[in-house]
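Please read the structure below before turning to the comments.
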Amino acid sequence: MKHIFLSVALLASVAASAQEFEKDNGVIRIKLNEAIAPYGTNSPMITNMWIAGRKVVPHDNAGADFQMTSRSSQGNNYNPTQGGDCAGRTSVLTGSIPNWNGAQLGTPASNGILLGIDPLLYDEPGLSGTCNGGQPGVAPYDMAFGVTLGDGIAVPREAMVVDMSIRKDGPASPDLVKALSELPVAFVDANFLRYAYYSVDGVNFQQLLGSTGPSVSHDIKQWVWNDNFERSGHAIALCDRADAVEQPAQGTCMAFYAHEFTRVYASRRQGSPTELALMSVLGDNSAAPTISDTQWHTARRLVAVGSLSTVAAVIGHAEQNYPASGWARW
């Protein structure tokens, strides 16, 4: 993905700031790099997202919202994260291209944005309140986070393409495990999109069942807290209807799609103040399981919104029309 790498190289010459960014194509609206409590500094990720005017990703904390993360072999004990650390300190915006067409999808530059990030280590080994975050300095990696909204011509407005890149600062930086990298991860309003689905082929969806304790359900608000329920496939979707499979032309969903067969998961999380549902696509690559060099590695994901029928159509359009080089496995 030479075009991504060239854009990333330009970030070094763009002055970072506390500027907040917004993109809106009439269907999908996002805000990026908003200030976050308790430190009041700006967090260089998607900090709010709306679908057709309704908020789907609320601004919660440095480890939530909509972002990318990675991990070493130590897992949650060494977790470079786009948003920040578990103490609430935010990662560092190193540069930005507010109008970016580096994804080369035929959309106007005004529909895209690219952020450069020096990540902090989130480092929360469990969900017991233990926080190892706050280590001095940033983690020894560079991240780049590119977003392109559909323009309704070259790309449907129900589509958002996310290009996520990471590299080691040098050979001494701990290797990163691709299968432990969340590309991307979003924490959505569980009172809105509360029903979980996944797709083995990216076209046909089925319920993603999680444990309620005594039983199983695809209703995330009934799931036990904090357990990740994982499946293998190409897509995961959260919807506002319990019958989205039976009525695929009805309702609103947000889906993540990966061109490659990988793992997806969802879980029920406690936000502040909103109850959240986590959804993520993992960065599996058994042929090259770790990032051990100092080159840029980029993963492309498609975000599709609307009914499940619309989601499937947006995925089909992407597979037929996006450059093959953009789907290169990271």
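Could you tally up the Lys pairs in the chain with alpha carbons closer than 28 Å? Skip any pair fewer than 8 positions apart unless they're on separate chains.
Lysine pairs, 8 or more places apart or on different chains, close enough: 12.
Here are labelled values, (1) 20.1, 68; (2) 21.5, 65; (3) 18.1, 56, and one is the computed Rg and Dmax of the Cα atoms in Å for what I pasted. Which one?
The calculated read-out lines up with (3).
Put a dot 7 Å past each Cα toward the Cβ at I153 and S272; how far apart are the dots in nm?
Between S272 and I153, the simple spin-label model gives 4.5 nm.
Per the Debye formula with a single identical scatterer at each Cα and no solvent contribution, what log10 I(q)/I(0) holds for region 172-330 at q = 0.13, 0.19, 0.21 Å⁻¹?
Normalising to I(0) and taking log10 leaves -0.61, -1.14, -1.31.
Explain nothing, just compute: Karplus ³J(HN,Hα) = 6.51 cos²θ - 1.76 cosθ + 1.60, θ = phi - 60°, for every residue of region 187-192 in order, whole Hz, x for Gly and Pro.
These are the phi-based 3J(HN,Hα) values: 10, 9, 5, 6, 7, 9 Hz.
I need the shape label for region 127-223. Rule: rounded when a/c is under 1.5, else prolate if a/b > b/c, else oblate, with a, b, c from the alpha carbon gyration tensor.
On the way: a/c = 2.26, a/b = 1.25, b/c = 1.81.
Oblate is the answer for region 127-223, as a/c is 1.5 or above yet b/c matches or exceeds a/b.
Take N77 and R54, extend 7 Å from each Cα along the Cα→Cβ direction, and tell me the distance between the two endpoints in nm.
Computed distance between label sites N77 and R54 equals 4.3 nm.
Tally Lys/Arg at +1 and Asp/Glu at -1 over every other residue whose Cβ is under 14 Å from the Cβ of L183; what's the total?
Numbers: positive: R71, K178, R263, R300, R301, R329; negative: D163, E182, E260, D284.
Summing Lys/Arg as +1 and Asp/Glu as -1 gives +2.
We did not get these values from a lab; they are worked out from the coordinates using the rules stated. Fair warning: this is a prediction, and the values are worked out from it, not measured in the lab. Cβ coordinates were reconstructed from backbone atoms using ideal geometry, including for glycine residues, and neighbour counts include every protein chain displayed.
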